[in-house]
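Read the structure below first, then the notes.
The values are calculated or read from the model by the stated rules, or taken from the named source; none is laboratory data. Not measured: the values here are computed from a predicted model. Reconstructed Cβ throughout: ideal geometry from the backbone, glycine too, with neighbour counts over all protein chains shown. Ligands, DNA and RNA are excluded from the accessible area calculation, which covers all protein heavy atoms including side chains. Shrake-Rupley method; radii C 1.70, N 1.55, O 1.52, S 1.80 Å.
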Amino acid sequence: MKILFINPWEGIIGPNVGMQQLVDESLHRGHEIHIITRVLDSITGEYTKKGVVFHRLEKIRVTPRQKDPIKLLREVFTDYLAYRKACRVAESIVPDVVCINGENMLFAPRVAKYVKSPSVTILRGARFLELGFAAKLFFSIQSRWVDNYIGVSRHVCDGLAGLGISAQKIQMVYNGVDMSRYKPESGNDKFRSDHNISPNHKIIGTVCHLVPRKGIHHLIEGLGILKKTYSGFVCLIAGPEHKGHEAYTENLHQRISDLNLKDNVKLLGQRDDVDIILKQVDVFVHPSETESFGRVIAEAMACGKPCIGFDVGAVPELIEDQKTGYIVKPYDTETLAQCISILLQDEQLCKEFGQAAYEKAVKCYDLKTNIAATMDVIERAHKK
């Protein structure tokens, strides 16, 4: 089978775990792979040697989110010009199926219809739900060219169904975690030494981009409350700062200072050792205000860590309240602090929640299993 992937991110890696593994699984099953991509990244040479054919189109992109329908239409017109070029590439390939890596490309499924091939679109996010009427307009157009949508959580799938998309078109396959990398391990004294963490301190951890919607400010407020009754902790916050959100990061630093948390909170910045960090924490907290899946929650669960998050988006699908962690009413920082305190001071409960979290991660979020399930959907689309 000849598969054409359309991927507007960086090469075949992109910001989402899964695309590279999806290509690997396709090759393993003996399929011929073509990829339309905006940028050729550091590993495209490796995959060219494996037989993958890359077609670079610099103007291919995700459609910028716009609540204003008029502005949205202007954006998609720009996209239309790019996808006309993509149609010509597809015409030269004549794929058996087209797979689009991301829902926010209006005309990508139209490429498949142009060459009379079935199309599968992977919904990586659910922020389209914030766009109201514009989202309905967007998907009422796009869905005419899509044979199958794959949502990475029930939350995403329900959101799509709420826009009027037929349930027959929607499949749910969870995002995945590399279980060989993220797995339970004992504490690391060298890690504590390298980060100047006392052996007597408990470690709270979180991983996210430093942008407002990820809710680190809620976590900081919760830690300020926690310190009033329990001070034997260090919180590691790993994640990059973002251009355009410098003021937000400055405010976080200021609030850490105001709440006398400088000795308790460490902003680690961008890290490539997230798995190592997660293995060292005692409790993982995900204070996001919106979440289509929450891959880092699944990664922490795979490391056997109890997790705490707000009752938003797909978070309650991952964290089972009082079984694998705690679900907290959105932005209730006092309850957030109480839940953290309970787990830090009850080692047995922490261990029980962590074990249940690990078992659920193995059952639901194994990347190999879920990539295979995604490939099954793609293959079935071809056979219809």
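Restrict the check to segment 244-257 and report whether at least one residue is open to solvent by less than 60 Å² (accessible area, probe 1.4 Å), farther than 19 Å from PRO330 by Cβ and in a strand (DSSP E or B).
The answer is no; no qualifying residue exists.
Run ARG84 past the list (1) without any contact (Cβ under 8 Å) to a residue 24 or more places away in the chain; (2) farther than 15 Å from ILE6 by Cα and report the number of the one that doesn't hold.
Single failed check for ARG84: (2).
I'd like the residue in segment 119-135 that is closer than 21 Å to THR37 by Cβ and either of a type in the set (A, V, I, L, M) or open to solvent by 10 Å² or more (accessible area, probe 1.4 Å) (or both) and, out of all such residues, is modelled with the highest pLDDT.
That would be VAL120.
Across segment 67-93, what is the number of residues that are touching a Ser or Thr at 6+ places or on another chain (Cβ under 8 Å) and hydrophobic (A, V, I, L, M, F, W, C)?
Count: 3.
Residue by residue through segment 297-349, note down the ones that are in contact with a Leu (Cβ under 8 Å, 6 or more places away or on another chain) and among the aliphatic types (A, V, I, L, M).
Correct list: ILE297, ALA298, ALA300, MET301, ILE308, VAL328, LEU336, ALA337, ILE340, ILE342, LEU343, LEU349.
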